[in-house]
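Notes for the one structure printed next.
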Amino acid sequence: MSDCIDQNFPCQNPDYSIFDTVATNELNSPDSASDIVNHSWFCSIIPTDEKYQIGDLNSSKYLKPMHGRMGIYHLWTDYDECDEHQTYIMKCQYVGKGPPSIRVASHIKSKWPKEATLFFTFHECENRIAKYYEQLFLDTYNFALNDNENGGAEILYAVWDKERYELGTHPSEISSYSKMNGLDDL
């Protein structure tokens with residue numbers, strides 16, 4: 001019997017039906033919750049503590065590819081791993097909207113526990129749609145670090161493959177940035 005069945009967690013097909021049903025009823029062509037959390041345009045681990053930084057490659061430099069972009073973002077922690085399916089299950093701690101390059105840095109300082117590894121995803125969309133998605137996530141799911149308008153009861157999980165978990169979606173851009181700044185010699 002697989003680990004995911006033993007733990008009663010569907011590591012291959014998490015159920016986002018509550019979110020998707022509401023979005024489908026209210027929007028003409030909504031993105032699915034799975035697209036937003038499991039297949040987002042940007043995904044990366046972000047160092048939040050100086051002892052885990054590489055040179056001066058701090059959290060704000062990891063967020064550089066999102067400069068000037070608008071959308072919805074999620075902050076994640078590790079939840080579990082399914083050895084049988086080679087997947088990583090993530091638990092969402094915070095959902096937000098807006099320009100992430102500014103807001104996430106602020107959340108790291110004011111909300112994020114120093115000892116917790118931060119995984120970050122970003123789904124680009126127009127501001128009005130980002131507001132809608134953020135509120136729908138808050139109405140559906142409970143997030144430990146969201147203080148306002150968080151009436152949801154479900155827990156939001158994402159399921160990522162090994163490459164997305166370990167490398168994220170933009171390792172070459174982050175690597176290129178570090179090379180441009182002389183960090184590749186570290």
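Counting only heavy atoms of the protein chains, get the accessible area per residue of segment 75-138 (1.4 Å probe) and round it to a whole Å² value. Let's see the in-between values first.
Numbers: 2980 Å² over 64 residues.
On a per-residue basis, segment 75-138 sits at 47 Å².
Highest-first packing order for the peptide set 20-28, 103-111 is 103-111, 20-28, based on the mean count of other beta carbon atoms within 10 Å. Projecting the Cα atoms of W76, Y88, N146 onto the charge dipole of segment 68-151 (Cβ charges, centred on the Cα centre) puts N146 farthest toward the positive pole.
For segment 131-140, backbone phi angles converted through the Karplus equation (6.51, -1.76, 1.60; θ = phi - 60°) give residue-by-residue couplings of 4, 4, 4, 4, 5, 5, 4, 5, 6, 9 Hz, Gly and Pro being listed as x. To the nearest 0.05, what FRET efficiency results for V22 and E115 with a Förster distance of 35 Å applied to their C-beta separation? It comes out at approximately 0.50. Can you send over the carbon and sulfur percentage of the accessible area for segment 72-138, probe radius 1.4 Å, protein chains only? After summing per-atom areas, the C and S share lands at 47 percent.
Distance between the pseudo-spin-label points of K64 and S32 (7 Å out from Cα toward the beta carbon): 3.5 nm.
The values are calculated or read from the model by the stated rules, or taken from the named source; none is laboratory data. This one's a predicted model, so the numbers in the text were calculated from it and none came from an experiment. Every residue, glycine among them, receives a Cβ derived from its backbone with ideal geometry; neighbour counts consider all protein chains shown. Areas reflect the complete protein model, heavy atoms only, side chains present, ligands, DNA and RNA absent. Shrake-Rupley method; radii C 1.70, N 1.55, O 1.52, S 1.80 Å.
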